[in-house]
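Worksheet: the structure to be examined is printed underneath.
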Amino acid sequence: GAVVSQHPSWVICKSGTSVKIECRSLDFQATTMFWYRQFPKQSLMLMATSNEGSKATYEQGVEKDKFLINHASLTLSTLTVTSAHPEDSSFYICAGGDFAYNEQFFGPGTRLTVL
Amino acid sequence: AQSVTQLDSHVSVSEGTPVLLRCNYSSSYSPSLFWYVQHPNKGLQLLLKYTSAATLVKGINGFEAEFKKSETSFHLTKPSAHMSDAAEYFCVVSKSGTGFQKLVFGTGTRLLVSP
């Protein structure tokens, strides 16, 4: 299957700072990127969907000004958590999708801890 | 709206014995259903998917699942567990006929395999 990487795998930051998470499709072109959030021992919740070159579509209840998503190329999407607070601590997972594969390919996730 | 319910948060089996992970779905459309596996520090991997073709779906690593409309179930089974099967398993539903669209995840079942 296709491979998606995320960087960093783990980040610790102070409250009030911003953190950027990168998601890259390594061997395919992801026309659509999906960003999920997973709390400990809970399921994945879709945060937003982004198409290359377009603005992201956010799920209900997700603050688009706090979680900035950029999908500038077919192989890179970024999620920036702005002015992070302890309640933003979570596991963030991206997935790349392409019509040719008819499937989402998931990255390994980024664990964010906000102190 | 689509939803899935995973009936067990934890399942423990001995190596070599059968595995059964239960999932019930709710959908006002003809659903597409998936099983994903999540190993620690690795991205979610697609085990198998049902998209209105054969009701018995065979996946990777010896797993299979049967779509039963009358019972609204999509249970995951494997005849003989291996230690490497220990992981978190998610039952997932999609409104459309592809895994490329919005996915709704169940709460997960942790499979524990003892020697």
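For segment B:15-43, enumerate the residues that are in contact (Cβ under 8 Å) with a residue 40 or more places away in the chain and among the charged types (D, E, K, R).
B:15, B:22
Regarding segment B:76-95, can at least one residue be identified that is among the small types (Gly, Ala, Ser), in contact (Cβ under 8 Å) with a residue 12 or more places away in the chain and at the interface with another protein chain (Cβ under 10 Å from one of its Cβ atoms)?
yes
Among the residues of segment A:13-41, count how many are within 13 Å of chain B (Cβ to nearest Cβ) and either surrounded by 18 or more Cβ atoms within 10 Å (Cβ to Cβ) or touching a strand residue (DSSP E or B) at 6+ places or on another chain (Cβ under 7 Å) (or both). Before the answer, list the steps.
Initially, segment A:13-41 is screened for residues within 13 Å of chain B (Cβ to nearest Cβ), giving A:23-26, A:28, A:30-41.
With the extra rule that they be either surrounded by 18 or more Cβ atoms within 10 Å (Cβ to Cβ) or touching a strand residue (DSSP E or B) at 6+ places or on another chain (Cβ under 7 Å) (or both), the set shrinks to A:23-26, A:28, A:30-39.
Selection size over segment A:13-41: 15.
Between a first residue in segment A:42-66 that is more than 14 Å from every other protein chain (Cβ to nearest Cβ) and a second residue that is of a type in the set (Asp, Glu) and open to solvent by less than 40 Å² (accessible area, probe 1.4 Å), which pairs have beta carbons less than 9 Å apart while being 6 or more apart in sequence or on different chains?
Matching pairs, first to second residue: A:66/A:88.
Scan the strands (runs of 3 or more DSSP E) fully inside segment B:2-85 and keep the ones with 2 or more residues being polar (S, T, N, Q).
On the way: elements: B:3-6, B:10-14, B:19-21, B:23-26, B:32-38, B:45-50, B:56-58, B:64-68, B:73-78.
Once the strands (runs of 3 or more DSSP E) in segment B:2-85 are filtered for at least 2 residues that are polar (S, T, N, Q), what remains is B:3-6, B:10-14, B:23-26, B:32-38, B:73-78.
Okay, residues lined up against (1) of a type in the set (A, V, I, L, M); (2) more than 13 Å from residue A:25 (Cβ to Cβ):
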site	(1), (2)
A:76	yes, no
A:84	yes, yes
A:94	no, no
A:103	no, no
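When residues of segment B:89-108 are filtered for being surrounded by fewer than 21 Cβ atoms within 10 Å (Cβ to Cβ) and modelled with pLDDT of 95 or more, how many remain?
Selection size over segment B:89-108: 0.
Checking the condition surrounded by 13 or more Cβ atoms within 10 Å (Cβ to Cβ) and farther than 24 Å from residue A:48 by Cα, which residue from B:72, B:55 passes?
Matching residue, one of B:72, B:55: B:72.
Yes/no matrix, rows are residues, columns are (1) within 11 Å of the chain's Cα centre (by Cα); (2) at pLDDT below 95:
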| residue | (1), (2) |
| --- | --- |
| A:20 | yes, no |
| A:29 | no, yes |
| A:34 | yes, yes |
| A:49 | yes, yes |
| A:59 | no, yes |
| A:64 | no, yes |
| A:67 | yes, no |
| A:72 | no, yes |
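Among the residues of segment B:44-62, how many are in contact (Cβ under 8 Å) with a residue 40 or more places away in the chain and not basic (Lys, Arg)?
Residues in segment B:44-62 being in contact (Cβ under 8 Å) with a residue 40 or more places away in the chain and not basic (Lys, Arg): 5 in total.
Okay, residues lined up against (1) more than 16 Å from residue B:103 (Cα to Cα); (2) crowded, with 21+ Cβ neighbours inside 10 Å:
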| residue | (1), (2) |
| --- | --- |
| B:20 | yes, no |
| B:23 | no, yes |
| B:35 | no, yes |
| B:40 | yes, no |
| B:48 | no, no |
| B:51 | no, no |
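The values are calculated or read from the model by the stated rules, or taken from the named source; none is laboratory data. As the structure is a prediction and not an experimental result, all values here were calculated from the model. All Cβ positions, glycine included, derive from the backbone under ideal geometry; neighbour counts span all protein chains shown. SASA here: full protein model, heavy atoms, side chains in, ligands and nucleic acids out. Shrake-Rupley method; radii C 1.70, N 1.55, O 1.52, S 1.80 Å.
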